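Beneath this line is the structure, given in structure tokens, with notes to follow.
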Amino acid sequence: MSNSEDLKVIDSVLKGDVDAYAYLIEKYQNMVFRYVNTQFNNEDDSMDITQDIFIMALEALKSFRQESKFSTWLYSIMVNYCKNYRKKSRRHFSFSLLTQRDNEEYEIQIPDERADHEKDIVEKDTLRILKEEIYALPDDYKKVLVLRDIQGLSYNEISDVLKLNLSNVKVRIHRGRELLKNRLSERGLV
């Protein structure tokens, strides 16, 4: 479904066909859940929060002015909801991400839970360290890294979602990646 199809569905919903909203939920639910789960790392809470975000978006749909893509507007709601939820609950959160080494991107792997027991222990320790280091990043870096490297938003979309100018987005992504790489290197992961 393209953005123009999103707009058709939104028009139907605004005309009273609330059931049409199911198409938008189906299209974006995995994206929203992945982001939320990276923030809170609790599947049950993440499912509840994802549902809350879609309810909030439905209630605010009449305020969508179609100046940006629906997905960008939904990202803004999602990011703000998670920020406010985190302030209220003060929960810990974590995520996997792409980072840079010598100007080449590589992915930090999250362990496969089906691995053999000894390897699983080592990988769980690696994941624990990764979570600690990501959690320790300043919030500004965490946000841009999740949106860029996990959610796959463009720099311009991140700029729209976080209400930052493009150069600030680029700087934060670069600095966040470097900071995480240095921290992981100090702990022997990179």
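The values are calculated or read from the model by the stated rules, or taken from the named source; none is laboratory data. All values derive from a computational prediction rather than experimental measurement. In this analysis, Cβ positions are derived from the backbone assuming ideal geometry, glycine residues included, and neighbour counts consider all displayed protein chains.
Overview of values
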{"read-out": "Flag for VAL161 being in contact with a Phe, Trp or Tyr (Cβ under 6 Å, 6 or more places away or on another chain), surrounded by 21 or more Cβ atoms within 10 Å (Cβ to Cβ) and either closer than 19 Å to VAL36 by Cα or β-branched (Val, Ile, Thr) (or both)", "value": "yes"}
{"read-out": "Those helices (runs of 4 or more DSSP H) lying entirely in segment 1-117 with at least 2 residues buried (at least 19 other Cβ atoms within 10 Å of the Cβ) and at pLDDT below 85", "value": "21-40"}
